[in-house]
Amino acid sequence: MCFVRNKVDIDCTNEIEDGNAGSEEAALLDIRNKAYAQMQEKGAAQYANDDQLFLLSAKYAHAVQPDQPKYDFDRLRHALHSSIKDEMKRSQVKQIFSKNARALASCRADECRILVADYILASAASGAIPVPGVSQVGDIAILAKACGEFQRIFCLTEAQLSAPGMAGFGTYLALKMGTSIPFIFGVSQMANWAADGTSFVPVLGIPLSMVLGASVSALGMWLTLTAVVSRLEEIGAATYEVVMNLRHDNIDERHVELQTLVDELFPQSETEQSVGRSFGTSLREMTADSNSGTGDDWPPMV
């Protein structure tokens with residue numbers, strides 16, 4: 001548990017101006033001792049120590065800009081980083097403190113890609129049901145669940161975007177994701193209808209429908225979620241850049257730019273440009289893997 005007191009730069013200045021301290025170091029020590037006393041009075045004496053009390057000034061010029069942050073900011077950063085056991089989360093915290101927007105978005109995209117396999121298996125199971133309409137409804141529900149989870153992992157939900165000037169952006173993104181299903185998903189659903197139709201073929205119809213339906217659903221879900229994660233990564237990087245370098249004089253303009261980016265990446269109808277932005281890098285990477293004989297990024301065979 002960490003106890004943090006912010007704006008100690010102002011407190012130190014006031015202490016010196018009031019004649020209660022001869023230097024910033026003396027003022028800081030007095031503030032720390034008073035904080036310990038307050039914690040003991042509130043029944044938190046076990047936390048009144050240097051390992052759990054941090055005195056900060058969260059100004060950019062004090063906490064981020066200098067190589068050696070002022071006050072206890074560096075100790076707090078180390079404490080938070082050390083307390084996180086999950087390596088992926090540790091990496092994200094590191095990128096947040098270093099204000100590396102693109103690297104943070106990449107880390108969160110990797111976290112989402114780990115979950116893609118679970119959604120592929122769920123889609124395959126849904127697609128294997130040889131009843132027209134069931135696999136389509138199942139895939140839409142799975143896609144909606146995945147999109148919501150990925151948006152949460154990228155911290156792009158309305159509840160998570162509490163920065164000034166960002167109100168409404170999380171809701172707008174969720175709406176665009178829900179109303180603009182990637183083109184490849186629509187194609188896979190048409191193929192699913194065709195696969196369900198084979199169930200009426202005598203003798204081998206049902207087994208063939210199950211195999212085709214599972215395969216088409218799995219492939220379509222994999223391609224769709226690959227596109228969604230890629231697009232959220234680009235939107236995430238742009239959003240983090242705005243939040244990390246928030247300036248009140250241009251926040252409205254940047255908000256409009258972010259919404260324009262969302263419109264481009266989640267259009268009402270797919271274009272060659274939007275598909276290319278989603279799959280261009282991924283396909284090049286997969287081609288390289290195929291040529292090298294690995295192919296680990298390809299979806300599992302169903």
Legend entry - All positions within the stretch 20-42 that are over 16 Å from Leu55 (Cα atoms), surrounded by 13 or more Cβ atoms within 10 Å (Cβ to Cβ) and within 39 Å of the chain's Cα centre (by Cα): Gln40
Inset, instruction - State all residues of the stretch 1-29 that are assigned to a helix (DSSP H, G or I) and more than 15 Å from Asp72 (Cβ to Cβ); if no residue qualifies, say none. - result: Ile10, Thr13, Asn14, Glu15, Ile16, Glu17, Ala26
Inset, instruction - Within the stretch 265-281, identify whether any single residue is crowded, with 19+ Cβ neighbours inside 10 Å, modelled with pLDDT under 90 and aromatic (Phe, Trp, Tyr), and answer yes or no. - result: yes
Legend entry - Single residue of Ile142, Ile84 found to be within 25 Å of Thr226 (Cβ to Cβ), of a type outside the set (D, E, K, R) and either surrounded by fewer than 20 Cβ atoms within 10 Å (Cβ to Cβ) or touching a residue at least 12 places away in the same chain (Cβ under 8 Å) (or both): Ile142
Legend entry - Cβ-Cβ under 6 Å pairs, at least 6 apart or on other chains, the stretch 106-132 side over 15 Å from Glu149 (Cβ atoms), far side β-branched (Val, Ile, Thr) and modelled with pLDDT under 90: Ala124/Val302; Pro130/Ile206
Inset, instruction - Return the only residue of Arg75, Arg90 being over 28 Å from Glu234 (Cα atoms) and either in a helix (DSSP H, G or I) or free of Cβ contacts under 8 Å to residues at least 40 places away in the same chain (or both). - result: Arg75
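The values are calculated or read from the model by the stated rules, or taken from the named source; none is laboratory data. Treat the numbers as computed from the prediction; the structure is a model and nothing was measured. No Cβ is skipped: glycine too gets one built from the backbone with ideal geometry, and neighbour counts run over all protein chains shown.
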